[in-house]
Amino acid sequence: MSFTLIGKHEKDKRNCRDGYVDAMLELMEADPTVVHVDCDLMNCINTGKLQKAFPDRTINAGIAEANAMGVAAGLTATGKKAWIHSFGCFSSRRAFDQAFMSAAYAKLGVKVLGSDPGVCAAFNGGTHMPFEDMALYMSVPNSIVIDPVDYVQVNALTKKLTAVEERLSYMRMIRKGFTTVYADGSDFEIGKGVTLKESAEDAATVIASGIMVDEALKAYEALEAEGIKIRVIDMFTWKPIDEELIIKAAKETGAIVTAENHNCTCGLGSAVARVLATNCPTPQEFVGVHDEFGQVGPEAYLREAYKLTADEIIANVKKVIAKK
């Protein structure tokens with residue numbers, strides 16, 4: 001694993017969805033067993049490029065997510081490396097029984113992609129705003145569950161997940177409008193977190209993923225200006241989670257804050273809490289959605305409404321330090 005941090009809080013000209021599409025174009029060119037199944041959302045995710053280049057291996061299953069999951073499982077059973085995409089709410093809640101039974105229980109390595117996670121669903125509203133998608137897939141035995149942050153990470157992890165056999169995987173993904181964190185050429189290892197900021201004087205650790213990574217980096221800069229050093233970890237793999245890195249951070253900094261675009265009662269925060277409770281009991285605070293449904297609105301408004309901000313991370317860092 002090697003990476004270069006940019007961390008300038010700038011929007012990328014590319015779209016996250018193209019991180020997936022560009023990786024799939026490479027994979028499908030090199031490997032005739034790689035296939036993509038979509039649920040009538042090719043325009044949304046730009047997979048029309050795959051259909052044009054590989055029409056025999058790009059399947060539009062229509063607005064029928066449960067059936068599409070069965071199709072992906074069937075293709076995998078015949079030796080294909082199948083990805084299936086829908087909005088995160090549908091690729092998790094609506095098709096979950098088929099993902100569990102037809103794919104995971106049968107030990108078929110179907111790769112599920114859920115777009116517009118959490119508040120990124122924006123104007124699609126509460127019905128389309130998954131704060132529980134990761135929790136559902138984390139409950140599946142032997143699953144892989146990933147929350148990437150930008151084009152580069154999506155691109156790299158699409159390639160890594162495609163090679164995984166016999167394990168159901170779920171990756172949520174922002175479609176567009178993201179902030180760049182990593183430079184091109186960065187590489188990542190499934191199940192290994194990335195330490196972005198670290199020093200011997202760190203008073204707490206912020207463990208974040210997805211859109212909250214950039215917020216954690218903003219919090220780092222603001223706290224450093226106040227003379228408070230924190231460690232920042234991108235924990236893009238929620239399962240299998242990097243227990244070794246969590247325990248190391250807990251022992252060295254003595255305080256943990258988790259930050260996620262998800263319900264923290266059943267997501268990254270709870271996964272980290274389990275590691276701490278069983279290995280190294282440590283004060284912890286949780287930044288995320290606190291047992292609420294989604295709502296309609298622009299993403300900027302929703303981030304403020306659910307307190308998915310650098311300011312909320314800063315407040316919780318100070319709160320957890322006081323508990324040490």
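The values are calculated or read from the model by the stated rules, or taken from the named source; none is laboratory data. Quantities reported herein were computed from a predicted structural model and do not represent experimental measurements. Reconstructed Cβ throughout: ideal geometry from the backbone, glycine too, with neighbour counts over all protein chains shown. Accessible surface areas use protein heavy atoms only, side chains included; no ligands, DNA or RNA. Shrake-Rupley method; radii C 1.70, N 1.55, O 1.52, S 1.80 Å.
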- Only residues that are in a strand (DSSP E or B), under 19 Å from the mean Cα position of the chain (by Cα) and not aliphatic (A, V, I, L, M): list them for segment 248-294, please. T258, E260, N261, H262, N263, F286, G288
- Name the residues in segment 130-150 that are open to solvent by 30 Å² or more (accessible area, probe 1.4 Å) and in a loop (DSSP other than H, G, I, E, B), would you? E132, S139, P141, N142
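Each row is one residue, and each column tells you yes or no for (1) in contact (Cβ under 8 Å) with a residue 60 or more places away in the chain; (2) among the acidic types (D, E); (3) touching a Pro at 6+ places or on another chain (Cβ under 8 Å).
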{"position": "P117", "(1), (2), (3)": "yes, no, yes"}
{"position": "C120", "(1), (2), (3)": "yes, no, no"}
{"position": "F123", "(1), (2), (3)": "yes, no, yes"}
{"position": "T127", "(1), (2), (3)": "yes, no, no"}
{"position": "F131", "(1), (2), (3)": "yes, no, no"}
{"position": "S139", "(1), (2), (3)": "no, no, no"}
- Inside segment 300-309, the number of residues satisfying the requirement of being part of a helix (DSSP H, G or I) and open to solvent by less than 50 Å² (accessible area, probe 1.4 Å) is 3
- Could you please give the count of residues in segment 18-43 that are touching a residue at least 60 places away in the same chain (Cβ under 8 Å), outside any loop (DSSP other than H, G, I, E, B) and open to solvent by less than 40 Å² (accessible area, probe 1.4 Å)? 7
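Specify which of the listed residues (T162, T127, T158, T179) is open to solvent by 40 Å² or more (accessible area, probe 1.4 Å) and among the β-branched types (V, I, T).
Checking each option against the conditions leaves just T127.
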- Query: Looking at segment 168-179, is at least one residue more than 29 Å from V35 (Cβ to Cβ), out of contact with any Pro (no Cβ under 6 Å at 6 or more places or on another chain), touching a residue at least 12 places away in the same chain (Cβ under 8 Å) and not charged (D, E, K, R)?
  - Reply: yes
- Message: Cβ contacts < 7 Å: first residue on the phi < 0 side of the Ramachandran plot and part of a loop (DSSP other than H, G, I, E, B), restricted to segment 76-100; second residue of a type in the set (F, W, Y) and surrounded by fewer than 19 Cβ atoms within 10 Å (Cβ to Cβ), any location; separation 6+ or different chain. Result?
- Response: none
- Task: Give K81, K8 a once-over and let me know the one that is among the basic types (K, R) and open to solvent by less than 70 Å² (accessible area, probe 1.4 Å).
- Result: K81
- Query: Going by the conditions given, is G70 closer than 18 Å to V35 by Cα and either in a helix (DSSP H, G or I) or modelled with pLDDT under 95 (or both)?
  - Reply: yes
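Could you check, for segment 105-113, whether at least one of its residues is in contact with a His (Cβ under 6 Å, 6 or more places away or on another chain), modelled with pLDDT of 95 or more and surrounded by 24 or more Cβ atoms within 10 Å (Cβ to Cβ)?
yes
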- Message: Being under 21 Å from M134 (Cβ atoms), out of contact with any Pro (no Cβ under 8 Å at 6 or more places or on another chain) and among the β-branched types (V, I, T) narrows it down to one residue among I321, I211; which is it?
- Response: I211
- Item | Matching entry among L223, L196 (being modelled with pLDDT of 95 or more, over 13 Å from the mean Cα position of the chain (by Cα) and in a helix (DSSP H, G or I)) | L223
- Message: Among the residues of segment 103-124, are any part of a helix (DSSP H, G or I), more than 30 Å from Y301 (Cα to Cα) and more than 14 Å from the chain's Cα centre (by Cα)?
- Response: yes
- Message: Cβ-Cβ distance below 6 Å, separation of 6 or more or different chains: which pairs start in segment 263-291 with a residue that is free of Cβ contacts under 8 Å to residues at least 24 places away in the same chain and within 16 Å of M134 (Cβ to Cβ) and end on one that is among the aromatic types (F, W, Y) and in a strand (DSSP E or B)?
- Response: G269/F286
- Unmet criterion (only one of (1) part of a helix (DSSP H, G or I); (2) at pLDDT 95 or above; (3) not hydroxyl-bearing (S, T, Y)) for I59: (1)
- Query: Among the listed residues I241, I228, which satisfies the condition of being β-branched (V, I, T), outside any strand (DSSP E or B), open to solvent by 10 Å² or more (accessible area, probe 1.4 Å) and under 30 Å from R14 (Cα atoms)?
  - Reply: I241
